[in-house]
Amino acid sequence: MALADSNFLILRLLTLVSLYISCADKAFSIRIPDRASTTPRELSDQSLKTAVFALGSFWRSEAVFGCLNGVVRTTSGYAGGSKINPEYRSLGDHAESVKVEYDPKEINFRQLLEVFWSSHDPRQVFGQGPDVGNQYRSIIFTNGTEEGRLATMSKEREQTRSRSSIVTTQIQQLESFYPAEHDHQKFELKRHPLLLQLIGNLPEEELEMSTMAAKLNGYAAELCPHRIQKQIDAKINGIIRRGWPVLTDV
Ligand code: MHO
């Protein structure tokens, strides 16, 4: 088949696939990538809020928060230290962190805190599981006194749950957040070429801004809430059952 023909066929099949999938959850739909619409148009950046957390490897942290409804964008990065322009191999005193941009009409800081506490073990000292080191420490970054108050209250609650061990989580006013290198953004999603293909193999900058990529990143790591994980499973299986365009000839 000529290259132009096969491209056309793939485009047609993709169109059918995108028509087939109805979008029950507006934050997640698989469709032909529309280069201009990968960032939610209806939300201007001013209406979004930002939260930053450190809870172990940022590959995992980004996946945990990316899957939540109301989270618009996630970015892996470095925060909590003093080194200027940290890098993965020399991050100095920073902690691996995730920046979460969210729509406060859909999810709030209190709910994000709940996800924070339930997604790691804040009693572990100097790391999380096999990831050992200061860069994996647990931190809630705050922006203003109200967030500081909510963070402190939630930490006290967490501490009363287990009196025998100390909750190591620090609460800090956010100073700077340095985005990590591209390789560390949507890391879990990038391990799944099929999923990348499903959203149209977006260029790196678009992938990093995309709400759907943030969500699929959580799905790829199997870190979405059960209901969302199943919902995405069903959509993807539906696509495959109905004949995902597999290129058999070139
Ligand atoms: N357990 C991970 C940690 C990577 S992290 C982004 C690893 O495979 O090394 O620091």
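The values are calculated or read from the model by the stated rules, or taken from the named source; none is laboratory data. In this text, all values refer to a predicted model and were calculated from it rather than measured experimentally. Positions of Cβ are generated from backbone atoms using ideal geometry, with glycine treated the same way; all protein chains shown enter the neighbour counts.
Here are the numbers:
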read-out: Those residues of segment 66-97 which are without any contact (Cβ under 8 Å) to a residue 24 or more places away in the chain and farther than 28 Å from residue 157 by Cβ, in sequence order; value: 82, 83, 84, 89, 90, 92
read-out: Unmet requirement for residue 59, which otherwise passes all of (1) modelled with pLDDT of 95 or more; (2) outside any strand (DSSP E or B); (3) more than 16 Å from the ligand (Cβ to nearest atom); (4) of a type outside the set (Asp, Glu); value: (3)
read-out: Matching residues, segment 173-198, being within 16 Å of the ligand (Cβ to nearest atom), without any contact (Cβ under 8 Å) to a residue 40 or more places away in the chain and not in a helix (DSSP H, G or I); value: 191
read-out: In segment 135-144, residue farthest from the ligand (Cβ to nearest atom) [restricted to those that are within 14 Å of residue 169 (Cβ to Cβ) and outside any strand (DSSP E or B)]; value: 137
read-out: Residue satisfying condition, being of a type in the set (Gly, Ala, Ser) and under 27 Å from residue 90 (Cα atoms), within set 220, 214; value: 214
read-out: Segment 152-172, residues that are in contact with an Asp or Glu (Cβ under 9 Å, 6 or more places away or on another chain) and either among the polar types (S, T, N, Q) or assigned to a helix (DSSP H, G or I) (or both); value: 154, 169
read-out: Output for segment 98-132, where each listed residue is within 16 Å of the ligand (Cβ to nearest atom) and under 19 Å from residue 152 (Cα atoms); value: 119, 120, 121, 124
read-out: Lone unmet requirement of (1) within 18 Å of residue 148 (Cα to Cα); (2) over 16 Å from the mean Cα position of the chain (by Cα) for residue 89; value: (1)
read-out: Filter result (surrounded by 19 or more Cβ atoms within 10 Å (Cβ to Cβ) and charged (D, E, K, R)) within segment 175-203; value: 186, 188, 190
read-out: Qualifying positions in segment 62-89 - under 12 Å from residue 218 (Cα atoms), small (Gly, Ala, Ser) and within 12 Å of the ligand (Cβ to nearest atom); value: 63
read-out: Criterion (of a type in the set (Ser, Thr, Tyr) and over 16 Å from residue 116 (Cα atoms)) met by exactly one of 152, 168, 145; value: 145
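Results for (1) at pLDDT below 95; (2) within 16 Å of the chain's Cα centre (by Cα); (3) hydrophobic (A, V, I, L, M, F, W, C), shown as yes or no for each residue.
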| site | (1), (2), (3) |
| --- | --- |
| 102 | no, yes, no |
| 138 | no, no, no |
| 161 | yes, no, no |
| 173 | no, no, no |
| 181 | no, yes, no |
| 186 | no, yes, no |
